[in-house]
1. Across segment 140-152, what is the total count of residues that are in a helix (DSSP H, G or I) and either open to solvent by 60 Å² or more (accessible area, probe 1.4 Å) or at pLDDT 95 or above (or both)?
2. Is it true that some residue in segment 105-124 is of a type outside the set (A, V, I, L, M), surrounded by 12 or more Cβ atoms within 10 Å (Cβ to Cβ) and either more than 30 Å from residue 248 (Cβ to Cβ) or touching a Pro at 6+ places or on another chain (Cβ under 7 Å) (or both)?
3. Scan segment 51-73 for residues that are open to solvent by 60 Å² or more (accessible area, probe 1.4 Å) and at pLDDT 95 or above and report the count.
4. Identify, by number, the condition in (1) open to solvent by less than 70 Å² (accessible area, probe 1.4 Å); (2) within 15 Å of residue 32 (Cα to Cα) that residue 161 doesn't meet.
5. If you go through segment 59-83 one residue at a time, how many are over 20 Å from residue 38 (Cβ atoms), in contact with a Phe, Trp or Tyr (Cβ under 9 Å, 6 or more places away or on another chain) and among the small types (Gly, Ala, Ser)?
6. Listed residues 62, 90; which is touching a residue at least 12 places away in the same chain (Cβ under 8 Å) and farther than 18 Å from residue 190 by Cα?
7. Of the residues that sit in segment 104-139 and are at pLDDT 90 or above and among the hydroxyl-bearing types (Ser, Thr, Tyr), which one is farthest from residue 87 (Cα to Cα)?
Amino acid sequence: MGRSVTLRENPRSIAIPVARYLAVSFILGAGVLMLYMGLIMIFLILLGFSVPLSVLIIVVGSILCFVGMGIAAPSTISLAGVLSNHARDSASKLSSYLSARGVDLQSFSTEISAIRSNKPSFSTSLKLFIVSIILLFLFLLSTLVPLDPLLRLALILITGITSPIAIISSIYSLIEDLEVWLYIHRSQELSIIRKISREDPIIEGVKGERSPISLGIFLAIITLGLYIIYSLPASILNLARHMEWHSELDEVMKQ
């Protein structure tokens, strides 16, 4: 019986831009909150209350959302490329490790190919980002440009409600796709490692968990977007821990 090494998700393999996503979550969370607050103030104005800061809050919230989405969209495209490269690299390292141990690669060809071809798709999130920008632009336009009163009210009500929800949906589509990719990727890797580790185990107890996207969207809406500030960083940190864990796995494989 060989040695048993317990791998914890620690040292760094591929750097994930955690700080960038922290910034995105704070900017978008604050922006969506201000959009909601501005919409509530507009409703108060319709009821006869005087709320002079409503337009200013909507403008500032819109600027924050535009900035947040401007950072998030290219970061999402970059992240997809990083994860695809990581999957290919992981498959190559596992193949080399199996060869070094004299294991027949044919018996693992399906698993290795599955790891290599597991590419994340963030296309839904990116499409929702575009929709969010259009809706947000119309919302901002309806509050600043002189329009027919009924048309203005209709635009404010429709775009004011849907634009924050579209922003939240784009973030949670990204989170869900990332969680699904990571869950599958972990499962595929651990399936191979556990098969070759029956007599010489090299890994113990790495969990792959994910939450339903609907719960995150619901929590973000009822907290006026503030839940974004927790949920996006939590998902990115979960990915970062997995990448760090790979460094220790690589060290064990070299022994």
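The values are calculated or read from the model by the stated rules, or taken from the named source; none is laboratory data. Not measured: the values here are computed from a predicted model. Here Cβ is always computed from backbone atoms with ideal geometry, including for glycine, and neighbour counts include all displayed protein chains. Side chains are part of the model used for accessible areas, which takes the heavy atoms of the whole protein and leaves out ligands, DNA and RNA. Shrake-Rupley method; radii C 1.70, N 1.55, O 1.52, S 1.80 Å.
1. The total comes to 6.
2. Yes, segment 105-124 has at least one match.
3. The qualifying residues number 3.
4. Residue 161 satisfies every listed condition except (1).
5. Selection size over segment 59-83: 4.
6. Answer to the selection: 62.
7. Out of the qualifying residues, it is 132.
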